[in-house]
Number of protein chains: 2
Amino acid sequence: MAFLSRKRGFEGLKKVNEALELVMKFCGSKNLGSEVVPSKEACGRILEEDVVSKIDVPPYDRSAVDGFAVRSQETFSATPSNPAFFRLKGTIEAGSFAGEVGEGECYEVYTGAPMPKGADVVVMLEDCEIEGEYVKVKRAVPKFANVSLKGEDIKAGDIIIRKGELLRPWHIGVLASVGEEKVVVRRKPKVAILSTGEELIEVEDAKKVSGKIVDSTRPMIVAALKEIGCEVIDRGIVPDDFNRISDELIALSKLADMIITIGGTSMGGKDLVPEVVKRKFFLAFHGLSVKPGKPTGFGIVNEVPVVMLPGYPVSAFIGFENIAMPVLYNWTGKRHPKREKVRAIMARRIASTPGVRHFLRVTLVEREGRVFAEPIAITGSGLLSSITKADGLVVITEDLEGIEEGSEVEVELLREGFQ
Amino acid sequence: MAFLSRKRGFEGLKKVNEALELVMKFCGSKNLGSEVVPSKEACGRILEEDVVSKIDVPPYDRSAVDGFAVRSQETFSATPSNPAFFRLKGTIEAGSFAGEVGEGECYEVYTGAPMPKGADVVVMLEDCEIEGEYVKVKRAVPKFANVSLKGEDIKAGDIIIRKGELLRPWHIGVLASVGEEKVVVRRKPKVAILSTGEELIEVEDAKKVSGKIVDSTRPMIVAALKEIGCEVIDRGIVPDDFNRISDELIALSKLADMIITIGGTSMGGKDLVPEVVKRKFFLAFHGLSVKPGKPTGFGIVNEVPVVMLPGYPVSAFIGFENIAMPVLYNWTGKRHPKREKVRAIMARRIASTPGVRHFLRVTLVEREGRVFAEPIAITGSGLLSSITKADGLVVITEDLEGIEEGSEVEVELLREGFQ
């Protein structure tokens, strides 16, 4: 009884910018290293080594059209009234033998077919007439017309995609065209996640057990991690026990690039996570000057960053977005996608505490051609419904004491399609 | 020999806008129906049925903080100099029994703990002092302070997420919090894809076989389909054979929402795909007024749309982006992400054919603080390197005859980070 006498205070709250700067300094530039993946599965990944073509593309001179391959010089005096005649020797298809043409000879060639030896041009059908075994060419065709020359697209030794490129569908195509089945890409960040608290149960067990609280924050953060492109190591729910939490952090530090803990970051007697990190490892800060999201912390366990998020879902989300997400995007090498913004008019005055960054959930309502932001009435940061009902977030910066009714604000949209 | 005498002409080219309008009319509003997926895997999907909560959240009145649960009326005259005394009966944790307080009694309660019967307020530690078995409360606390009331976040029967919503991480959280393990979402589009042409080989076989051409267009389109969120049925390479192509189209029409064919859409004797569709099924158009990408076609096989793309990778990509992609995004219910645009100055004059929409690949170069767009010199639409080298695309609309050197153009960026 009276565990609460062990209650501690936050040792000074960190401003968001300072906290993020600190976290970035500790781990923002971590190099994840690379891994080899099949080229077909590499779309959306960051290339970690220049790709140098080992082959010429095309690998030989080939026809760029369907037509007749001849020696160009023999067409030079050809006109509709005085055509040049060529004896048709046969047909060359893409992927078949090349053949050879001598004076007065031609081959029918399909698009992609290797050029027959001796021929340096392909005459298109509209410039020809076929008469039995002979083809009449009715105009002069310049050397190499309608021929794709060996190495014209890509030369052996060319760098075709540079390190650092975000691979898109056309890169997957070009990798195939040079025969590269595998490619070296940046490894995905491995993020381990656990929730603390005996009161929690998994959603799967919700119907079996009563009086417990479904852990909804962890599935939310796992979904957010997957959106970023992380590999998630989900350790589930761990009881509020000093040694158990410590053991888990040590074990996960051997598996993950980042550890995210959920819950146990407030100031109650059972809020042990920052205490474990402080006493056994390194606690960089505990307490963020945001609302909601204050009980967010950051530390290091065996060189692995630990982001400690509060158990309340909206608080956890704000902590995650402000501290963990920028680091993870940095690591992946991808751009952190910013939410779209719209301008709106505050429908009523909202007070805020100077020095604290507030994240206000609002709905957007159109009245007489103007868009108004209506703050969602909330009684606690536990209310996930406040974020599912919201159309957007209004960020109230630390220098303000609130926002007056009628003033214009910028709203970060939480759902597509409002505009 | 002389298959080329079978060469046909395009029967009039369709303008991009007209073609897309036609395709949309045929299949743009198709309803994919729904499927049930685990809620944890539903992030990024479109909800197909309103989610109605079966439970109250919280399921009972619970403490929103760590503190002492008492009857509020007994604190009304409390001051620091004249505190109210409460006998401490025990501790209630989240997920444990609730207990009961009578006059002059209190329980220590943790965040999330059920409120003891009789108590209607939680006094925070900073407003108390503990003296052995007794807790002194030093100020009046209004009814329900620091209590989350039953159903305050969500009431049983509330619609918590509406049909049509794109599910984001916070929705995954709220689904867990109401105990919904599964959710009804829009089915993914199933797209079947095949390449035609005996000259083609798979990249895996490139080292084993010589004289053939690696099929690079199909892996590119498959990657693009996966980016959109499609399920891909990959039928590989099919020979240029009328009956074989017809059989494949019939078989795939039973499996897929859309069929994409690659290659065999030009005017050569072996370009059979549009002919098969025209003779055995329904060909809506063949030939698009774009450059590159002209040999693009569209038809219907057993009510399933068939998008016929040229074999050349860049042409295929332009055909895909202009005809297939808008349909697929329509089906998924997600927004078609537009490329970012920058303004640049044309570094040299480019001619274009009026009536034809040109997609010009350009690199961007900064000189004296101005951004110039340099067209990439190309000799054919086969050149995938033209798109991997490019920073962006300039669209030259049908009403123009080209773009003058020095004029300002809008460039659609093909890679992130140029700005």
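Descriptive notes on the structure:
- Sequence-ordered 3J(HN,Hα) estimates for region A:280-293 from the Karplus curve with 6.51, -1.76 and 1.60 and θ = phi - 60° stand at 9, 10, 9, 9, 7, 7, 9, x, 10, 7, 10, 9, x, x Hz, glycine and proline given as x.
- If only the Cβ of Lys and Arg carry +1 and only the Cβ of Asp and Glu carry -1, the dipole of chain A around its Cα centre is close to 1660 debye.
- Alpha-carbon centroids, region A:49-110 and region A:117-171: separation in whole Å: 9 Å
- Sequence-distant residues sharing a close amide H with B:Val147 (under 5 Å, placed H): B:Ala64, B:Val122
- Sequence-distant contacts, meaning Cα pairs under 8 Å at least 6 residues apart, place the relative contact order of region A:62-148 at 43 percent.
- Antiparallel content of DSSP bridges confined to chain B, in %, to 5: 70 percent
- A dipole drawn for region A:62-148 from +1 and -1 charges on Cβ atoms has a positive end, and of A:Pro80, A:Gly132, A:Thr91 the residue lying farthest that way is A:Pro80.
- Dividing the mean sequence gap of close Cα pairs (under 8 Å, 6+ apart) by how many residues chain A holds gives a relative contact order of 16 percent.
- For the rotational copy relationship between B and A, the axis lies nearest to a chain B beta carbon, identified with its distance in whole angstrom as B:Pro337, 5.
- As a calculated quantity, the FRET efficiency between A:Ile345 and B:Lys163 at R0 = 35 Å, using C-beta atoms, amounts to about 0.75.
- This model, with +1 at the C-beta of Lys and Arg and -1 at the C-beta of Asp and Glu, gives region B:164-259 a dipole about its Cα centre of some 340 debye.
- Residue with peak Gaussian network fluctuation, chain A [Cα springs, cutoff 10 Å], from A:Pro114, A:Pro310, A:Pro295: A:Pro114
- Highest average packing first - A:119-130, A:229-240, B:165-176, Cβ atoms within 10 Å: B:165-176, A:119-130, A:229-240
- Pairs from the table (B:Lys208/B:Lys334; A:Lys338/B:Lys14; A:Lys117/B:Lys14; A:Lys155/B:Lys254; A:Lys163/B:Lys207; B:Lys40/B:Lys207) lying more than 31 angstrom apart at Cα are B:Lys208/B:Lys334; A:Lys338/B:Lys14; A:Lys117/B:Lys14; A:Lys155/B:Lys254; B:Lys40/B:Lys207.
- Basic side chains Lys and Arg get +1 at the Cβ, acidic Asp and Glu get -1 at the Cβ, and with that the dipole of region B:62-148 about its Cα centre reaches some 240 debye.
- Of the beta bridges in the protein assembly as shown, as assigned by DSSP with both residues counted there, near 70 percent are antiparallel.
- Long-range amide H partners of B:Val214 with built H, under 5 Å: B:Ile201
- Simple label model, 7 Å out from Cα along Cβ direction - A:Lys54 to A:Glu100, nm: 3.1 nm
- A dipole drawn for chain B from +1 and -1 charges on Cβ atoms has a positive end, and of B:Met115, B:Ala19, B:Ile154 the residue lying farthest that way is B:Ala19.
- Between the listed residues B:Gly402, B:Phe359, B:Leu384, the Cα displaced farthest toward the positive end of the dipole of region B:341-413, a dipole computed from Cβ unit charges relative to the Cα centre, is found at B:Leu384.
- Global form of region A:341-413, assessed from the alpha-carbon gyration tensor, a/c cut-off 1.5: oblate
- Whole-Hz Karplus values for region A:70-84 come out as 9, 7, 4, 4, 6, 9, 4, 9, 6, 9, x, 7, 9, x, 8 Hz, taken residue by residue from phi with 6.51 cos²θ - 1.76 cosθ + 1.60 and θ = phi - 60°; glycine and proline positions read x.
- For the pair A:Met124 and B:Asp399, a Förster radius of 25 Å applied to the C-beta separation gives a FRET efficiency near 0.30, rounded to the nearest 0.05.
- Listed from fewest to most Cβ neighbours within 10 Å, the set A:Glu199, B:Glu100, B:Glu275 follows the order B:Glu100, B:Glu275, A:Glu199.
- For A:Ile160, residues with placed amide H under 5 Å, excluding near neighbours: A:Val51, A:Val52, A:Ser53
- Pair B:Ser81, A:Ser77: separation of 7 Å Cα→Cβ label points (nm): 12.7 nm
- What the phi angles of region B:209-226 give under the Karplus curve with 6.51, -1.76 and 1.60, with θ = phi - 60°, is a coupling list of 10, 10, x, 9, 10, 5, 6, 9, 6, 5, x, 5, 5, 4, 4, 5, 5, 5 Hz, glycine and proline written as x.
Values quoted throughout were computed directly from the atomic coordinates according to the rules given, and no laboratory measurement underlies them. Given the structure is predicted, the values throughout are model-derived calculations rather than measurements. Here the Cβ is made from the backbone with ideal geometry for all residues, glycine too, and neighbour counts use every protein chain on show.
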